[in-house]
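Undergrad: Here it is: the structure, laid out below.
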Amino acid sequence: MEVSVVKIGNSRGIRLSKTLLKRYNIKDSVDLVLEKGQIVIKPLSKPRKGWEKAFKEMNKNGDDRLLFNDVFEDENLEEWK
């Protein structure tokens, strides 16, 4: 896809269409990767976004307890010393 490089203040940049922004889930920032002879623009991925709020909610609801013991009855802790 060919796009024009346009003047933006003292710099130059490209404009991405609304369709591209939506299709690739591009919000406020992107990851710019410089490779041999090319520039790759990638959407920023934040896979853990919202986890802090979810963990607080789990704690409030009592859903943050262990599902099984973290030490097993037959486990020998001496061998780890």
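Undergrad: Mind listing whichever residues of segment 1-45 are closer than 30 Å to Asp64 by Cα and surrounded by 10 or more Cβ atoms within 10 Å (Cβ to Cβ)?
TA: The one that is closer than 30 Å to Asp64 by Cα and surrounded by 10 or more Cβ atoms within 10 Å (Cβ to Cβ): Leu44.
Undergrad: Which condition does Asp64 not pass, out of (1) surrounded by 10 or more Cβ atoms within 10 Å (Cβ to Cβ); (2) under 26 Å from Val3 (Cβ atoms), if it passes all the others?
TA: (2)
Readers should treat all values here as calculations from the given coordinates under stated rules, not as data from a laboratory. What you see is a predicted model; the values in this text were computed from it and never measured. We place every Cβ from the backbone using ideal geometry, glycine too, and count neighbours over all the protein chains shown.
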